[in-house]
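Visitor: Next up is a structure, given as structure tokens.
Nothing in this text is a laboratory measurement; each read-out follows from the coordinates by a stated rule. The structure displayed is predicted, hence computed values, not measured ones. A quick note on method: Cβ atoms are made from the backbone with ideal geometry, for glycine too, and the neighbour counts reach across all protein chains shown.
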Amino acid sequence: MKNLQTRNTLILTGIALLAIILPFFLIKANVINAYTAYVITLAGINAIMAISVNVVSGITGQLTLGQCAFEAVGAYMTMILAQDAGLPLPLAMIISPIIAAIFGFIIGFPTLKLEGDYLAIVTLAFGEIVRVVLVNLKSITGGPNGKSFKYSFLRDSLDWGASLSYLVIAGMLVLIIVLLQNFLRSSYGRAIMAVREDEIAANSNGVSVFKYKMIGFVVAAFIGGIGGALYAPFIGLIKPELASFTNSINALIFVVLGGMGSITGSVLAAFVLTYLQEFLRFLQNYRLLLYPVVLILVMLFRPQGLLGMKELSFIKCWDGLPGLLKKLKGKRSKKEAKNER
């Protein structure tokens, strides 16, 4: 049993390192051009936001319509702490998600005690409040036109350009997935999922419904703050539209397409849709129809999403690889024998 766990850990570690390091060197060697690297890295940030939404909507079972407000809080706080307060950028990027989590606690504490979809209404209102405040605090935020972030650590420093930004953001994405998967397997994670499945049954078994809803919402706000902290130095220009309702709905679409409750499904959907948006840029504004059309098709033909509530298992894929190669080899041999006849 111990050897099996060690083997599985080594496989997952190898796949994670490969997903981070291989594209990094391909970008550095210009095999992947700067534009493609930009799209992949932006997809990584979108994947982090999709995970944030999924923690609330898919895992905790509460609907959120303003999750990108926490991304905006993380982005602007990173800019204020690093650019205005003079803190080192890495420290600012650590503090900002904590501030976003505090906002999550302030919003969730009175709201999660209520039943129904009150959280959706409150998060929607919170997103609009954040956007309006950012538009009007022109001296700090730059107003509706946004404000440039002079620190471009993830984008330009050390002449490593796009490869450095990918390394940091992909590394953070993998770390979030690993930590979140371990959290969900813990007693806290199982209690949160029990609340999602049936609040009355969970409460009758001694599970504090409010407590675990609160934990899930604060964790999601913290992850959203991480997305914002990475967004600020990568994009270099922060606008109040980051907290808009449209941006939050886009993140929710990633979750719906990937599957409510599936972390790997959300990540996969975020990468696919982000790349499609850029690939279809030649359609100009018509490409904005992509998300609604995809959402309609998913609701009609696969309402549970690509993976449903299941997770993509790299261990099963690895174990099934020899059988797949053997099967392909057998088909090739039969084809060659047929051609010889």
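Visitor: Which shape class, rounded, prolate or oblate, goes with the stretch 188-260 when its Cα gyration tensor gives a ≥ b ≥ c as root eigenvalues, a/c under 1.5 marks rounded, and past that a/b bigger than b/c marks prolate?
Guide: Since a/c reaches 1.5 and a/b is larger than b/c, the shape of the stretch 188-260 is classed as prolate.
Visitor: Could you tell me whether the stretch 1-121 comes out rounded, prolate or oblate from its Cα gyration tensor? Rule is a ≥ b ≥ c as square roots of the eigenvalues, rounded for a/c under 1.5, then prolate if a/b exceeds b/c, otherwise oblate.
Guide: The shape class here is oblate.
Visitor: Can you work out ³J(HN,Hα) from phi for every residue in the stretch 61-72, in order, using Karplus 6.51 cos²θ - 1.76 cosθ + 1.60 and θ = phi - 60°, giving whole Hz and x for Gly and Pro?
Guide: x, 10, 7, 10, 10, x, 5, 6, 4, 6, 5, 5
Visitor: Rounded if a/c is under 1.5, else prolate if a/b is larger than b/c, else oblate: which is the stretch 64-197, with a ≥ b ≥ c the root eigenvalues of its Cα gyration tensor?
Guide: The shape class here is oblate.
Visitor: Assign unit charges at the C-beta atoms only (+1 for Lys and Arg, -1 for Asp and Glu), then state the dipole size of the stretch 35-151 relative to its Cα centre in Debye, rounded to the nearest 20.
Guide: 300 debye
Visitor: Let me ask another. For the stretch 230-297 and the stretch 92-135, what is the centre-to-centre distance using only Cα atoms, to the nearest Å?
Guide: That distance is 21 Å.
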